[in-house]
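Worksheet for the structure shown next.
The values are calculated or read from the model by the stated rules, or taken from the named source; none is laboratory data. Quick caveat, the model's predicted, so the values are computed rather than measured. Here the Cβ positions follow ideal geometry from the backbone for every residue, glycine too, while neighbour counts run over all protein chains shown. These area figures cover heavy atoms from the full protein model, side chains too; ligands, DNA and RNA do not enter into them. Shrake-Rupley method; radii C 1.70, N 1.55, O 1.52, S 1.80 Å.
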Amino acid sequence: MADCLFCKIIARDIPASNVYEDDRILAFNDINPQAPTHVLVVTKRHISSLNDLSPEDDQIVGELVRRAAAIAKERGISTNGFRTVFNTNRDGGQTVPHIHLHLLGGRGMHWPPG
Ligand code: 5GP
Ligand code: ZN
């Protein structure tokens, strides 16, 4: 999508610190990290939010989640634990309308979230 920040990162129009890529997924470090590990795992195809998923997207959502877990394992944070978050729309705190799974770890997380 032309005017989407994460589509521009996927197209290499905007630089990012990439940590994983395949033909369907890109993962890159968040520009404003909230934890020692803060990676965004995104679909290469533009999907605005969880509200826009269809049954055909079940596979790609599973891939996002499994990729986040794999990156956590690579970083050595899977045993201590980590947090994965999809923010959705205004009340969910979503600021970039292109589906992304936050992977946060390397420190203790709080609950409930703010
Ligand atoms: P959201 O608030 O939509 O759940 O998450 C968007 C995330 O994208 C935020 O954590 C924010 O720091 C990150 N972000 C915003 N702009 C950029 C950018 O240009 N590059 C990277 N790597 N991350 C960004
Ligand atoms: Zn997009």
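Results, tabulated for the structure shown:
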{"item": "Accessible-area order (highest first, 1.4 angstrom probe) of the listed residues I10, I71, I31", "result": "I31, I10, I71"}
{"item": "Nearest-ten-degree value, helix 58-74 long axis tilted from longest Cα axis of the chain", "result": "40 degrees"}
{"item": "Solvent-accessible surface (1.4 angstrom probe) belonging to E56, in square angstrom, nearest 10", "result": "140 Å²"}
{"item": "Separation of alpha-carbon centers, segment 4-70 and segment 76-114, rounded to whole Å", "result": "13 Å"}
{"item": "Fraction of accessible area attributable to carbon and sulfur, segment 5-105 (%, probe 1.4 Å)", "result": "48 percent"}
{"item": "Inter-label distance for N89 and R66, nm, one decimal - labels placed 7 Å from Cα along Cα-to-Cβ", "result": "3.1 nm"}
{"item": "Cα-derived Rg over Rh, computed across the chain with Rh taken as Kirkwood radius", "result": "0.94"}
{"item": "Probe 1.4 Å, accessible area per residue of the chain, Å²", "result": "61 Å²"}
{"item": "Relative contact order [Cα under 8 Å, 6+ residues apart], the chain, whole percent", "result": "29 percent"}
